[in-house]
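J.: Questions regarding the structure given below will be posed in turn.
The values are calculated or read from the model by the stated rules, or taken from the named source; none is laboratory data. Every value quoted in this text rests on a predicted model; they were computed, and no experiment measured them. So basically every Cβ, Gly included, is an ideal-geometry build from the backbone, and we count neighbours across all protein chains shown. SASA here: full protein model, heavy atoms, side chains in, ligands and nucleic acids out. Shrake-Rupley method; radii C 1.70, N 1.55, O 1.52, S 1.80 Å.
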Amino acid sequence: QVQLVESGGGLVQPGGSLRLSCAASGSIFSSYVMAWYRQAPGKQRELIATVTSGGSTNYADSVKGRFTISRDNAKNTVCLRMNSLKPDDTAVYYCNARRGLKDYWGQGTQVTVSS
């Protein structure tokens with residue numbers, strides 16, 4: 001069992017930056033693939049960034065070059081650094097942990113990009 005708690009969301013102006021954090025507890029964090037998803041109102045949940053247990057990363061085209069995912073296995077945390085934020089980035093952001101058939105979600109944190 002893995003428990004995930006996101007933090008760091010909020011209101012930011014276009015062009016600004018935010019850093020989201022996800023604290024994990026429970027099982028062996030380092031063995032999970034960690035990811036960030038987001039869901040905007042009226043839209044499906046979208047996978048935006050992943051980081052494997054070995055540190056390999058992958059990004060959706062919509063955030064590539066602006067967002068950076070990272071993990072610290074010693075601290076059981078995964079972060080998402082978001083730069084050059086746009087109004088289209090407004091969504092609830094969710095942390096996800098996956099290993100085989102095991103799939104865990106955090107409660108989500110709201111990010112609003114608006115002037």
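J.: What are the residue pairs meeting all of these: first residue in segment 33-58, first residue farther than 16 Å from Ala23 by Cα, second residue part of a loop (DSSP other than H, G, I, E, B) and of a type in the set (S, T, N, Q), Cβ atoms under 8 Å, and 6 or more apart or on different chains?
T.: Ala40/Thr90; Glu46/Ser62; Ile48/Ser62
J.: Take the residues in segment 16-36 that are open to solvent by 40 Å² or more (accessible area, probe 1.4 Å) and part of a strand (DSSP E or B), then tell me which one is nearest to Lys75 (Cα to Cα).
T.: Ala23
To keep it simple, each residue is scored yes or no on (1) more than 21 Å from Gln107 (Cα to Cα); (2) of a type in the set (Phe, Trp, Tyr); (3) out of contact with any Ser or Thr (no Cβ under 7 Å at 6 or more places or on another chain).
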position	(1), (2), (3)
Val5	no, no, yes
Ala23	no, no, no
Arg45	no, no, yes
Ser53	yes, no, no
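So that you can scan it fast, the table gives a plain yes or no per residue for (1) among the small types (Gly, Ala, Ser); (2) surrounded by fewer than 20 Cβ atoms within 10 Å (Cβ to Cβ); (3) in contact with a Ser or Thr (Cβ under 7 Å, 6 or more places away or on another chain):
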site: Asn58; (1), (2), (3): no, yes, yes
site: Asp61; (1), (2), (3): no, yes, no
site: Asn73; (1), (2), (3): no, yes, yes
site: Asn83; (1), (2), (3): no, yes, yes
site: Thr90; (1), (2), (3): no, yes, yes
site: Arg99; (1), (2), (3): no, yes, yes
site: Gly108; (1), (2), (3): yes, yes, no
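Condition check ((1) in a strand (DSSP E or B); (2) of a type in the set (Phe, Trp, Tyr); (3) open to solvent by less than 10 Å² (accessible area, probe 1.4 Å)) across all residues:
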| site | (1), (2), (3) |
| --- | --- |
| Pro14 | no, no, no |
| Arg38 | yes, no, no |
| Ser53 | no, no, no |
| Cys95 | yes, no, yes |
| Val111 | yes, no, yes |
| Ser115 | no, no, no |
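J.: What are the residues in segment 31-84 that are at positive phi and of a type outside the set (S, T, N, Q), if any?
T.: Once the filter is applied, which keeps residues that are at positive phi and of a type outside the set (S, T, N, Q), segment 31-84 yields Gly42, Gly55, Gly65.
J.: Look at Ile69 and say whether it is free of Cβ contacts under 8 Å to residues at least 60 places away in the same chain and open to solvent by 50 Å² or more (accessible area, probe 1.4 Å).
T.: no
J.: Please count how many residues of segment 69-115 are more than 16 Å from Ala23 (Cα to Cα) and over 14 Å from the mean Cα position of the chain (by Cα).
T.: Residues in segment 69-115 being more than 16 Å from Ala23 (Cα to Cα) and over 14 Å from the mean Cα position of the chain (by Cα): 13 in total.
J.: Across segment 9-29, what is the number of residues that are under 14 Å from the mean Cα position of the chain (by Cα) and free of Cβ contacts under 8 Å to residues at least 60 places away in the same chain?
T.: Counting residues in segment 9-29 that are under 14 Å from the mean Cα position of the chain (by Cα) and free of Cβ contacts under 8 Å to residues at least 60 places away in the same chain gives 2.
J.: Then there's this: Just give me the residues in segment 67-93 being in a loop (DSSP other than H, G, I, E, B) and β-branched (Val, Ile, Thr), in sequence order.
T.: Thr90
J.: A further question follows. With respect to Leu85, determine if the residue is touching a residue at least 24 places away in the same chain (Cβ under 8 Å) and aliphatic (A, V, I, L, M).
T.: Here the answer is yes, as Leu85 does meet what is asked.
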